[in-house]
Amino acid sequence: MLTYTSAYKFLADGVHGEVLDFPGVITCGNDISQARKLLAGALVDMAETNIGLGESLPTPQIGISDSDADIVEPIHLILNAASGVREIPEIISEAA
């Protein structure tokens, strides 16, 4: 489990959320509950994308904050290893 830092700002038309120490993980919800749920999903999606591309995950930055945020709190990333069988293409050789 990795613990990143999330920040939420209350806007006139909803709640903006972002993970401060994982660039690109942002969302917006109608309320704080929805914003938290959407941000958690966005964090998993971005982490899986990084892993799928062979890229490392950003290192969580202890103490990172956003003075403009209304709420700053930890957000936990838990990824499960999936096992599966990959299909191996059949190799057909031609007899000479």
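Every number in this text was worked out from the coordinates using simple rules, so none of it is lab data. The structure presented is a predicted model; accordingly, all values stated were derived computationally and were not measured. Here the Cβ positions follow ideal geometry from the backbone for every residue, glycine too, while neighbour counts run over all protein chains shown.
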* Mind listing which GluC sites (Glu not before Pro) in segment 14-63 are in a DSSP loop and have 13 or fewer other Cβ atoms within 10 Å? -> 55
* To do: Give a residue-ordered list of calculated ³J(HN,Hα) values for segment 29-42 (Karplus: 6.51 cos²θ - 1.76 cosθ + 1.60, θ = phi - 60°; whole Hz; x for Gly, Pro).
  => x, 5, 8, 5, 4, 5, 4, 4, 5, 5, 5, 4, x, 5
* Structure fact -> For segment 1-81, listing chymotrypsin sites (Phe, Trp or Tyr not before Pro) in a DSSP loop whose Cβ sees at most 15 other Cβ atoms within 10 Å gives none
